[in-house]
Amino acid sequence: DAKTTQPPSMDCAEGRAANLPCNHSTISGNEYVYWYRQIHSQGPQYIIHGLKNNETNEMASLIITEDRKSSTLILPHATLRDTAVYYCIVRVNDYKLSFGAGTTVTVRA
Amino acid sequence: SQTIHQWPATLVQPVGSPLSLECTVEGTSNPNLYWYRQAAGRGLQLLFYSVGIGQISSEVPQNLSASRPQDRQFILSSKKLLLSDSGFYLCAWLQGQPTNYGYTFGSGTRLTVV
């Protein structure tokens with residue numbers, strides 16, 4: 001599996017967009033980029049995933065660079081409830097995902 | 001709709017005691033089932049997964065075992081708990097690949113071995 005690199009933490013103002021970066025320079029052509037988040041003392045929650053094209057759903061947008069070596073998860077209007085650890089994972093499929101340290105996002109009022 | 005039940009929510013057990021954590025899934029059939037563990041301040045570590053009744057794959061050598069006696073039931077066990085078994089245990093299911101909804105996790109069991 002390709003390794004991912006995420007900043008350990010970031011702050012965001014409530015109501016503003018939160019842009020979470022992820023580097024995956026060794027990604028292979030058939031590997032997807034998955035994003036999950038984990039609110040304190042809960043199980044992780046699926047957010048979004050993509051292969052090549054940008055993706056958007058009701059929770060977030062995923063922007064994948066043309067060379068696929070990095071991606072950005074965008075929370076368009078962060079709320080206090082978006083405070084969580086965000087995991088970027090790269091795999092061929094979502095069987096047996098491994099969750100690393102992720103980025104701790106703190107949304108401040 | 002699909003739901004996943006995991007219990008108990010918290011558990012304090014003495015070293016050397018047995019363990020049994022149960023996970024059941026409703027509203028789906030033949031799901032892939034997973035047990036993860038999260039130590040304090042760490043990421044999630046995959047312990048076991050199962051693609052069907054009686055089929056268990058272990059990801060890491062450890063003091064734990066898993067069983068899948070029924071299609072929608074997944075059990076995590078230990079004969080003798082160690083202090084290092086403390087952590088947050090999560091059951092998850094997955095159906096289809098690639099999915100539009102990803103894993104669905106249970107609410108977790110926080111185990112403290114004393």
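How do the strands (runs of 3 or more DSSP E) wholly within region B:8-114 filter down when requiring 3 or more residues that are within 8 Å of chain A (Cβ to nearest Cβ) and within 25 Å of A:Asn93 (Cβ to Cβ): which remain?
The qualifying strands (runs of 3 or more DSSP E) are B:32-38, B:44-52, B:87-94.
How many of the residues in region A:9-34 are at pLDDT 95 or above and within 14 Å of chain B (Cβ to nearest Cβ)?
Matching residues across region A:9-34 total 1.
From the set of residues in region A:18-45 that are crowded, with 22+ Cβ neighbours inside 10 Å and among the hydroxyl-bearing types (Ser, Thr, Tyr), which is farthest from A:Asp67 (Cα to Cα)?
Only one residue tops the list, namely A:Tyr36.
Being touching an Asp or Glu at 6+ places or on another chain (Cβ under 9 Å), modelled with pLDDT of 95 or more, of a type in the set (S, T, N, Q) and part of a loop (DSSP other than H, G, I, E, B) is the filter here, so list the residues in region A:64-109 that pass it.
Hit for region A:64-109 is A:Thr79, nothing else.
Give region B:95-114 a look and list any residue that's modelled with pLDDT under 85 and either under 17 Å from B:Ala66 (Cα atoms) or touching a Pro at 6+ places or on another chain (Cβ under 6 Å) (or both), or say none.
Result: B:Gln95, single match.
Would you mind telling me which numbered condition in (1) out of contact with any Ser or Thr (no Cβ under 8 Å at 6 or more places or on another chain); (2) under 30 Å from B:Gln6 (Cβ atoms) A:Gly43 fails?
Of the numbered conditions (1) out of contact with any Ser or Thr (no Cβ under 8 Å at 6 or more places or on another chain); (2) under 30 Å from B:Gln6 (Cβ atoms), the odd one out for A:Gly43 is (1).
In region B:44-64, what residues are crowded, with 16+ Cβ neighbours inside 10 Å and either without any contact (Cβ under 8 Å) to a residue 24 or more places away in the chain or basic (Lys, Arg) (or both)?
Listed by number, the residues that qualify are B:Gln45, B:Leu46, B:Tyr49, B:Ile56.
Would you confirm whether any residue within region A:60-82 is within 9 Å of another protein chain (Cβ to nearest Cβ), surrounded by 18 or more Cβ atoms within 10 Å (Cβ to Cβ) and touching a residue at least 24 places away in the same chain (Cβ under 8 Å)?
no
To keep it simple, each residue is scored yes or no on (1) aliphatic (A, V, I, L, M); (2) within 20 Å of B:Val114 (Cβ to Cβ).
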position: B:Pro18; (1), (2): no, yes
position: B:Ser29; (1), (2): no, no
position: B:Ala39; (1), (2): yes, yes
position: B:Phe48; (1), (2): no, no
position: B:Arg72; (1), (2): no, no
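The values are calculated or read from the model by the stated rules, or taken from the named source; none is laboratory data. None of these values were measured; they are calculated from a predicted model. Cβ coordinates were reconstructed from backbone atoms using ideal geometry, including for glycine residues, and neighbour counts include every protein chain displayed.
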